[in-house]
Each structure stands twice: as structure tokens, then as C-alpha cells.
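Inspection log for the structure reproduced underneath, given as C-alpha cells.
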Amino acid sequence: MVPGIDMNKWWAKETRKGTPVVVKMENPNYSLLEIESPDPAFGAVDKDRGKNAKQFTWVLLLRAHKAAGCLAWLGNGIWSLLGTIKKRLILGQGVTIENDKSTKGRMLYRLILGFLITAVFFLAFEVIAHFNGWHYFQSHSLHIPQTVEIQGWLHEIYVGWLEFRAGYIAPLIQSLSSFCVVLFLIQSLDRLVLCLGCFWIKIKKIKPRIEGEPFKSDDAENPGSNHPMVLVQIPMCNEREVYEQSISAVCQLDWPRDRLLIQVLDDSDDENIQLLIKSEVSKWSQKGINIIYRHRLIRTGYKAGNLKSAMNCDYVKDYEFVAIFDADFQPNPDFLKLTIPHFKGNPELGLVQARWSFVNKDENLLTRLQNINLCFHFEVEQQVNGVFLNFFGFNGTAGVWRIKALEESGGWLERTTVEDMDIAVRAHLHGWKFIFLNDVKVLCEVPESYEAYRKQQHRWHSGPMQLFRLCLPAIITSKLSALKKANLIFLFFLLRKLILPFYSFTLFCIILPLTMFVPEAELPMWVICYIPVFVSFLNILPAPGSFPFIIPYLLFENTMSVTKFNAMISGLFQLGSSYEWIVTKKAGRSSEPDLLAMEERETKAINQTLLYRGASDSGLSELTKLKETPKPDKKKKMNKIYKKELALAFLLLTAALRSLLSKQGVHFYFLLFQGIAFLLVGLDLIGEQMS
């Protein structure tokens, strides 16, 4: 029973002679009987007023305390940011400057730097004009003074600039901004339609289903005789952090062992890593797992070349399906039983794709923002396209292919860095259908450092444009319907791969700050505020736990438009690093429940399997020597300074200062916070921090 609390003692210690009250409980009603009221001055009303006044005072004090805490937190954050700017930007401590080797990247940086220098010059000019009282642009109309009103040569130059700006620069910016706004609205409409399609799928509970037990066998001695032959491939390259957990998870797949073969496709150029992976493969081979290790001496074609080489083995012709997992993916034991049955009785089905799940999505702000993007990609884009079009881009991993579909589509090609999208488009052109399973999830990682994420995004956005150039003639001449051709060309490639980074960079990073210096071409408020927030809201719907990050997500997406625009131009015009493949850095993280479950499965596998002690003395001696060899001193990892992002940060902050002269409130706040977002990214403060 809850103990009674005498609130009167706490609220009003001086008024103990209040009205005594007796509570009489009469079933079913309760009544209050007032007795002995010696002091009418202390009535119930006056006492309640005293309590309410003190309660109100305490509420005000608590709110003031909270406000003071917020101000202290904000001040501490600003002070820390200024300290970091001094340490990294001015003193250069603990950082290295980004080395952009491509001519295209240097040209973009020089272009942004030119805009910045011009903006600073015009800001100084506008400040001088403002303090001299030359206010000729008011209420969206420009007033050019008469000749007799001009005071001196500087005033004459300023008036001439106003005339030139209004007559030549403003129309050009207005035309470009109108074009970008139209693209922005089209892309926003596409997002809205995709979300409506996802909502319809949820309401109607539409999803691929498995009927009965398609591989059930009546043979008690060999219950797996009806299961198809499945090949599992794990391509990897110098994956020291994740190779062990990936191989372990794949080796525990629940499938008849005589109908399963695992290929570990190691492209590592580090001999120590090769020995470690060989040892792991040998360990599982001794447990009775049908697993082999393959290493290419000549690493050509990156991942596509690795997969192509493995598919050329003679024994592959005995297998019907191939499942592919990247080195950081850890499928559950029932993965094959949830995916392979969908092929039964569906001869036109070429691919079954599972969803990704991220073990480190809450590691830092960068991983949280990535989780928002990828949740929308899988739950909305992939699922809607899979249900209504039977086509989507293969994600390169966590999927099962029918080997016949791969062969009829031309197999793995080494012509782009997006071999997964390449094979998916060619299979679609040959009439194969795809299924996406939103409820089958495979655990993996997202990049924790901005450098790794930036390189990944460059590859993901340069490759599609490179592929579009190569596939366009084949798409036009294919036997697909006009609707599917239009979807491939205009939606799949142009709208989602080309237009999105183009308008995002051009509109919010170039045109918007320029309009502060050319107010005749000012963007309306709904373009910079309402529509972006609405689109961000749609993007964040599949990850409702991330709603507190909607504003950082909006700002970060605009910040990433620089990298995406740079990559898009690189792939479209075959410039610089469009065919550069850099393996994404992994941390090798696993959640505690997954580690416990993996340990339990490994123990069970050991108990149920006869172990063969077949390791040679030479192999053991090599492994012992490897473990005893001291690791070479690696170069200390440092955070980087990104010049393009920093230049854009100062450009946007300069434009924010200019907007103060025009008293443009919304524009000022957007430019200020967007400039700070670019500053944080340019100083490499958004992701993993190197000690």
C-alpha cells in the first residue's frame, strides 16, 4: 500500500491551523463533512490559492533551470566547435588534408572557391552600401536612383552593379532555379508515390509467400534428397576484421550438407590475412562443412572479376542456385529455407533479395543518418518496385540468384564498379523477374567514418551513370514494354541516379547562396523550407525511431550532394576515378545477442559433428608463426580536412551574413545551419574520431 504524504507540511509549514476535514466513506458514494472550523480566514479556497502560487513558482524555477542547462549546452558546443576549428583548421593538429587526385575534383573545388571569393567581395561592397544608406531594393522591387542622386564614384559603381545585376545576372539565375525547382518537385512526387505504394502494401499485407513444404521428402533415410544444390559465395579482400564472423555464420546455414558448397573467394594481397582465412576455412572443413578456399593471383575486375572467376569452375554446373554474401554479412541459419523455396514452381524468377539489418546503426550520428537512407531504400524503393514491377537493383549481397539467369544474362562483367546493378539490368532485359523479401534480414555493418562512407557513396553514384551510358542502347532495342523501358530510363537511372544529386547540389549549395547577393532572383520559402521538410519526413517514415534526427538528416543530405554530384559527373563523362574501387572499411562489430547465438550454434555444430584432426604440421607451424610475429607499426590514422566541403561552408555562412542585411529570417537560419553542417563535415566531425 502506498504510504500517505502530508502535502500541507511540505507546501505551507506556517498554516498548520487549517480546516480539519473528516472523510466519511458511504457505499457507493463518498462525502466530505466539514467540522470545527475555528479560523474561517484559512478557508479551502485561500489555501488552494497559496498552493497554486507556490506550485507556479516551482514550475517557473524548473523551466528556468532547464533553459539555463540548454544555454550552457549550446555554449559548450559552440566553444568546442571553435576549439576544434582552431586545432584542425588553423594549427593543423591531428588531421591531414584531403588529396584529390582527379582533375575533375580539383576543378569543382576551384569553382566553389571562386564563388566564395566573389561572395566575400560583394558582401564587403553590400556592407559599405548599407551603412551609406544606399537601400534601393525594398519589397521585391528595385529602384534605380537618378543621376542627380548619385554621390561620388563609389556610389556610381554600385548603381551600375545594380543595373547589370537586375538586367543580366538575375534572369539567368531565375531560369536555372526554376529548372531545378521543377526537377525538385518531380523527384518529390516520385517519393510520395513510392510511399503511397508502400502504404498500400502494408494495408493489403502483400508479400511473397511460401506454400507448404516445397522440398519435403518421403525418404526417411535421406530427407534432403529433394533440396536443390546451392552454391554460397563469400567474396572478400583484406577483410581482417570481419572474415571470421562471416565464414562462421555461412557455415551454419541450415541446409543438407551434401547439397551445399561454400566458396571463400579471397582477393587479399596481404599474405598474413590469406593465412588467417585459410586457417578459418580449414577449421570448418574439419567439422564436415563442404567449404573451399580460392585465391586469385591476378586481381582484375575487382569483385566482378572475382565472382566471374569462381563461376567458371567446372563443378558449378552441378548447382542450380548461388547465394552471395559480402564479408561483413552474417545470415541467420534459416536464410536458405526462407529464400530458395520461392523459386519452386516459378521458372521466371531469377533473383530473391533479402533486406539488410545493421548491427552498428546507433554507433554515432553518421550511422544513424545512414540507417534512415537505407531503411527507405529497402522498405520503400525495393519493396514497391519488387511488388509492382518485379524489378529492382540487386544489392550485391544477401541475395540468391538462379544460375541459369546469370548465364543467360551474360554473367558477371567487369565494365563498371556496380556489377550488381549491371547484372540486374541485363537480367531484367532478358525477362527475368525479381522478388524482394522485406521480412528476411541479414546482419551487416554501415561505415562508421566519414572517409569510408564518402568513398562508398562515390562508387555508388559514379557507377550507375557509367552503366547508363553502356546500357542505354540495349534498353532501347530490348523487347521490354514501353512502360518498363520508361521506368528503366527515366525513373531508375535519370530521376533517382542523375537528377537527385544534380538539383540538390545546384539548388541548395549554389543557387540559394547566390540569390542572397542577387535578391531579384530570390527563392520562395516553400522551396527551401516546406518541401524539403516534407520529403525528409517521407524518407524517415520507415525508421520512426529516427524522427528526432529529421533536421540533421535534411542538412546532411544536402551536404552529401557535393560528393554525389562529383561522382555523378565522373561516371557520366568517364572522368578521373569513375572506375576506382576502394574496399569499404569495416569495424567487425557484432551485437551481444548475435555473439551469444553464434557461440551456441558453433557449440551445437561441434557436438553434432565428427571432428577430423587433419591439419598438417606445416600448416600449424605457419599459423603459430603468424600469431607470434609482431604486427608492423601501422601509420597513425588521422581525420581529414575536406576542402570542397569547407569552401562551401564559408560560402553559405557568407551568404547568411548577407541575408541579415535584407532581413530574410528563414533564409538566414537555413544558410546558417547548412553552413555549420558543411563545416562539421569539412572538419571530419560527423563520424568516427581517430585518437
Revision key, fill the gap. Surrounding charge for Trp432, neighbours by C-beta under 10 angstrom, Lys/Arg +1, Asp/Glu -1, total +2
Exercise for review: Kindly state, to the nearest 0.05, the FRET efficiency for Trp161 paired with Val182, given R0 = 30 Å and r defined as their beta-carbon distance.
Suggested key: 0.50
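Relative contact order of the range 328-448: what whole-number percent is it, with Cα pairs under 8 angstrom and at least 6 residues apart? Display every interim value, and only then the final one.
Details: 176 pairs, mean separation 57.2, N = 121.
Computed over the range 328-448, the figure is 47 percent.
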**Study point:** Extension reserve of the Asp270-Val127 stretch, reckoned as 0.36 nm per residue once the Cα distance is removed
**Key:** 45.5 nm
Check your understanding: Can you sort Glu211, Glu451, Glu239 by how many other beta carbons sit within 10 Å, fewest first?
Key -> Glu211, Glu451, Glu239
Practice item. Would you calculate the separation in nanometres between label points at Ala72 and Gln689, each defined as 7 Å from the Cα along the Cα-to-beta-carbon direction? Key: 2.0
Revision key, fill the gap. With the charge dipole of the range 378-519 built from beta-carbon charges (+1 for Lys and Arg, -1 for Asp and Glu) about the Cα centre, the Cα from Gln457, Asn438, Phe394 projecting farthest to the positive end belongs to Phe394
Practice item. Work out the length of the dipole vector of the range 278-383 about its Cα centre, built from +1 on the beta-carbon of each Lys and Arg and -1 on the beta-carbon of each Asp and Glu, and round it to the nearest 20 debye. Key: 460
Revision key, fill the gap. So Asn312 and Ser80, fully extended at 0.36 nm per residue minus their Cα-Cα distance, gain in nm 77.9 nm
Exercise for review: Starting with the fewest neighbours, write out Met638, Met421 ranked by other beta-carbon atoms found within 10 Å of each beta-carbon.
Suggested key: Met638, Met421
Revision key, fill the gap. In nanometres, the difference between 0.36 nm per residue of separation and the alpha-carbon distance of Tyr530 and Leu297 is 78.4 nm
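Which of the pairs Lys216/Lys433; Lys497/Lys585; Lys207/Lys479; Lys433/Lys484; Lys87/Lys586; Lys205/Lys404 have their Cα atoms more than 21 Å apart in this structure? Kindly include the intermediate steps, with their values, before the conclusion.
On the way: Lys216/Lys433 25 Å; Lys497/Lys585 24 Å; Lys207/Lys479 28 Å; Lys433/Lys484 12 Å; Lys87/Lys586 28 Å; Lys205/Lys404 31 Å.
With Cα atoms farther than 21 Å apart: Lys216/Lys433; Lys497/Lys585; Lys207/Lys479; Lys87/Lys586; Lys205/Lys404.
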Exercise for review: Based on alpha-carbon positions alone, could you give the equivalent ellipsoid semi-axes of the range 461-505 from the gyration tensor, as √(5λ), descending, whole Å?
Suggested key: 21, 12, 5
Revision key, fill the gap. Quick calc, Leu483 & Leu196: beta-carbon distance into FRET formula, R0 25 Å, rounding 0.05, result 0.85
Revision key, fill the gap. One finds, for Ala53 and Thr118 with R0 = 51 angstrom and r their Cβ-Cβ distance, a FRET efficiency to the nearest 0.05 of 0.25
Point to revise | For the range 227-385: relative contact order, % (alpha-carbon pairs under 8 angstrom, 6 or more apart) | key: 30
Check your understanding: What spacing in nm lies between the two simple spin-label points modelled at Ser225 and Asn238, each 7 Å away from Cα in the Cβ direction?
Key -> 5.0
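Ranking Arg259, Arg63, Arg106 by Cβ neighbours within 10 Å, fewest first, what do you get?
Starting with the residue having the fewest Cβ neighbours, the order is Arg63, Arg106, Arg259.
Since every read-out is calculated from the coordinates, none of them should be taken as a lab result. Keep in mind the model is a prediction, meaning the values are calculated, not measured. Reconstructed Cβ throughout: ideal geometry from the backbone, glycine too, with neighbour counts over all protein chains shown.
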